[in-house]
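The next block holds one structure in the form of structure tokens; read it before the comments.
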Amino acid sequence: MDEVQYSDRQILKRLFLFARPYWLLISLICIVDLLAAPLALLTPLPLKIVVDSVINNLALPDFMNALLPSALGSSKGTLLLIATVSVVLIAIVMQLHGFGSWLLQSYTGEKLSLDFRSNLLYHAQRLSLAYHDSQGTSDAIYRIQWDAPNIQWVLIYGISPFIKAAFTFAGMLWVTFLIDWQLALVALTVSPIIYFSTRFFKNKLRNQWDTVKSLETSALSALQEGLTSLRVVKAFGQEKREHKRFRKLASQGVNANLKVVFIESAFSLIVACAMALGTALVLFIGGQHVLSGQLTLGNLLLVMTYLVELYKPLESIGKQIATLQNGLSSAGRALQLLDMDPEIKDRIDARPLKKALGNIEFSHVSFGYTPEQQVISDISFSIPAGSKVGIAGRTGSGKTTMINLLTRFYDPSSGKILLDGHDIKEYKHEDLLRQFSIVLQEPLLFSTTIAENIAYGKVDATQQEIIDAARSANAHDFISSFPDGYNTLVGERGMRLSGGERQRISLARAFLKNAPILILDEPTSSVDISTESEIIDAMKRLMNNRTTLMIAHRLTTLEDCDLLLRIENGNITAICSDIPESLHRKS
């Protein structure tokens, strides 16, 4: 799927719009950061007082005379004490300022990041399965977990320091002009070098960061596949192979990161050389001004100190623009995910659906994951409410695809699917999904308690409702045998339980949801014969008074169905109502 590429300005505009609820806090951060400029101007002042007024007997600056009583200003010992105490007071104030700024930035940045990541996760869940099938879940995980948090590095740790640096630069430049305008002009000669270097390296860094994140996503995909498929890896003894695959992809990411470091180092070298050149020129010309009496030694020291403070924001502005490319690259990738349009979405006039009767009709339905890859072709059949329908066919014949279309995980390429006489596209998708309870061949449990897994489809269920559902699914006895009972943690994907136990918990979840349409996708194919009988017994109770679609490889599982659909190569080859006879002929 093609992704839109955004300019820096477009990304910043989108991020500022997203951060609208935090504008007050961001403005406060900027105001607090701007206080750094006057504090920085105060830093070299005690040194000037000691050199000029204490050692060389020169008069205090006018603003100091206005602040201090004349008696204090005339005593050298007092002035030395004031200068000494001022150093400590300025340091304390600067530390308090830094702490307040850090606290504001951390709180606002973390809240911004949390909101952005949450929005991305919600949007990613709404995207169609086709998107995730093509991109892979690791891509979405990387963008949500690693790219999205960069909103705080752009808006909080990027923009605010940039503004602070700009104001600090202006303040230092103004003070330097007041002391010696010629030295100020000399100091500015390095500005064009830094400006054009920033322009040159900015684009290189942005492109390289895009490459880094793409390679890191590939490494994450290899890591995720290797660990989630650990049983297969161990069964075939392929640990070394997976290790090599991950290391190869991760090494490419490392090399790309090293290239970023090289580009940033080259940029830093140019900036450092430019500032050294400017400092040398100011020192040379300033020394001549002191020798000619045009400038005092204290003022030269003040100018040299301010020059360091002048170049700091100038260097910061250039580096901040370059460093921002990392954050902008990540933010752009997060926005690309956020801008992906869900293929399955509600119509403007979508109708609500409280509880369906369960009448289902496929009318000339065709579907393919690509135009060249048709999975089902021109399928038509109808199922009365409350019917039990078996779906039989070879692997890959299109059975599960039919279920995915009914639940609107995908939309048909052509034709209609009707529920209670209305196209399922007319219903609100959220309401439509409430009409189905699905029990899969490989039951999926979450790494939480048994009770929470059973109540997944009905989060407000009482403990008694959970227990009743477990009894109906023949699960209560084995659950009660655990030391923690219903509070037993099932482990990742439920792997602390056996296949039969996981399947019965999945059935209990379906009992508790109590949806009018039940989908059973080969629910007994991965369990032993003794467990199968318990599951079939539970399924029979679950199918009562519900429209049921059951996919099964073991045809004996379909004996109690009212209707049998045979599907081969994406086509319905038979619709049988006499199930025992049909199964006998097939056997």
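Of all the residues that make up the stretch 7-27, how many are within 22 Å of ASP210 (Cα to Cα) and either in contact with a Leu (Cβ under 8 Å, 6 or more places away or on another chain) or not charged (D, E, K, R) (or both)?
Number satisfying all stated conditions: 8.
Going through the stretch 420-435 one residue at a time, which ones are in contact with a strand residue (DSSP E or B) (Cβ under 6 Å, 6 or more places away or on another chain) and aliphatic (A, V, I, L, M)?
ILE424
Modelled with pLDDT under 85, more than 22 Å from ASP210 (Cβ to Cβ) and in contact with a Phe, Trp or Tyr (Cβ under 8 Å, 6 or more places away or on another chain): is that true of LEU81 in this structure?
No: the conditions fail for LEU81.
Which members of the stretch 274-285 meet the condition of being crowded, with 20+ Cβ neighbours inside 10 Å and either within 17 Å of VAL51 (Cβ to Cβ) or not assigned by TED's automatic domain parsing to the domain that holds LEU173 (or both)?
If the condition is that a residue be crowded, with 20+ Cβ neighbours inside 10 Å and either within 17 Å of VAL51 (Cβ to Cβ) or not assigned by TED's automatic domain parsing to the domain that holds LEU173 (or both), then no residue fits.
Take the conditions of a type in the set (Phe, Trp, Tyr) and touching a Ser or Thr at 6+ places or on another chain (Cβ under 7 Å) and apply them to PHE436. Does it pass?
yes
Taking the residues in the stretch 457-470 that are at pLDDT below 90 and not small (Gly, Ala, Ser) as candidates, determine which candidate is nearest to LEU520 (Cα to Cα).
The extreme case among them is LYS458.
Which residues, counting only those in the stretch 171-187, are touching a residue at least 24 places away in the same chain (Cβ under 8 Å) and assigned to a helix (DSSP H, G or I)?
Listed by number, the residues that qualify are GLY171, MET172, LEU173, VAL175, THR176, ILE179, GLN182, LEU183, VAL186, ALA187.
Going through the stretch 286-304 one residue at a time, which ones are part of a helix (DSSP H, G or I) and surrounded by 17 or more Cβ atoms within 10 Å (Cβ to Cβ)?
GLY286, HIS289, GLY298, ASN299, LEU300, LEU301, LEU302, VAL303 - these are the residues of the stretch 286-304 that are part of a helix (DSSP H, G or I) and surrounded by 17 or more Cβ atoms within 10 Å (Cβ to Cβ).
Return yes when ILE151 is in contact with a Ser or Thr (Cβ under 8 Å, 6 or more places away or on another chain), of a type in the set (A, V, I, L, M), in a helix (DSSP H, G or I) and buried (at least 19 other Cβ atoms within 10 Å of the Cβ) and no when it is not.
Against the criterion (in contact with a Ser or Thr (Cβ under 8 Å, 6 or more places away or on another chain), of a type in the set (A, V, I, L, M), in a helix (DSSP H, G or I) and buried (at least 19 other Cβ atoms within 10 Å of the Cβ)), ILE151 qualifies.
Per-residue answers, yes or no, for (1) buried (at least 16 other Cβ atoms within 10 Å of the Cβ); (2) under 30 Å from ASP52 (Cβ atoms); (3) in contact with a Leu (Cβ under 9 Å, 6 or more places away or on another chain); (4) modelled with pLDDT of 85 or more:
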residue	(1), (2), (3), (4)
TYR311	yes, yes, no, no
ILE317	yes, no, no, no
THR323	yes, no, yes, no
LEU335	yes, no, yes, yes
ARG347	no, no, no, yes
LYS354	no, no, no, yes
VAL365	yes, no, yes, yes
THR370	no, no, no, no
SER387	yes, no, yes, yes
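Does VAL271 meet the test of being farther than 15 Å from ALA184 by Cβ, exposed (fewer than 15 other Cβ atoms within 10 Å of the Cβ) and among the hydrophobic types (A, V, I, L, M, F, W, C)?
It is false that VAL271 is farther than 15 Å from ALA184 by Cβ, exposed (fewer than 15 other Cβ atoms within 10 Å of the Cβ) and among the hydrophobic types (A, V, I, L, M, F, W, C).
Quick check, is ALA165 farther than 30 Å from ASN255 by Cα, under 38 Å from the mean Cα position of the chain (by Cα) and not in a loop (DSSP other than H, G, I, E, B)?
yes
Results for (1) under 30 Å from VAL186 (Cα atoms); (2) surrounded by fewer than 16 Cβ atoms within 10 Å (Cβ to Cβ), shown as yes or no for each residue.
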{"position": "SER106", "(1), (2)": "no, yes"}
{"position": "GLY109", "(1), (2)": "no, no"}
{"position": "LEU127", "(1), (2)": "no, no"}
{"position": "ALA130", "(1), (2)": "no, no"}
{"position": "ILE159", "(1), (2)": "yes, no"}
{"position": "THR168", "(1), (2)": "yes, no"}
{"position": "LEU173", "(1), (2)": "yes, no"}
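What do you reckon, is SER380 over 18 Å from ARG126 (Cα atoms) and modelled with pLDDT under 90?
So SER380 fails the test.
Which residues, taken from the stretch 325-373, are assigned to a loop (DSSP other than H, G, I, E, B), among the hydrophobic types (A, V, I, L, M, F, W, C) and under 25 Å from the mean Cα position of the chain (by Cα)?
MET340, ILE344
The values are calculated or read from the model by the stated rules, or taken from the named source; none is laboratory data. Being a predicted model, the structure only gives us computed values, none of them experimental. Cβ: placed from backbone, ideal geometry, glycine included. Neighbour counts: every protein chain shown.
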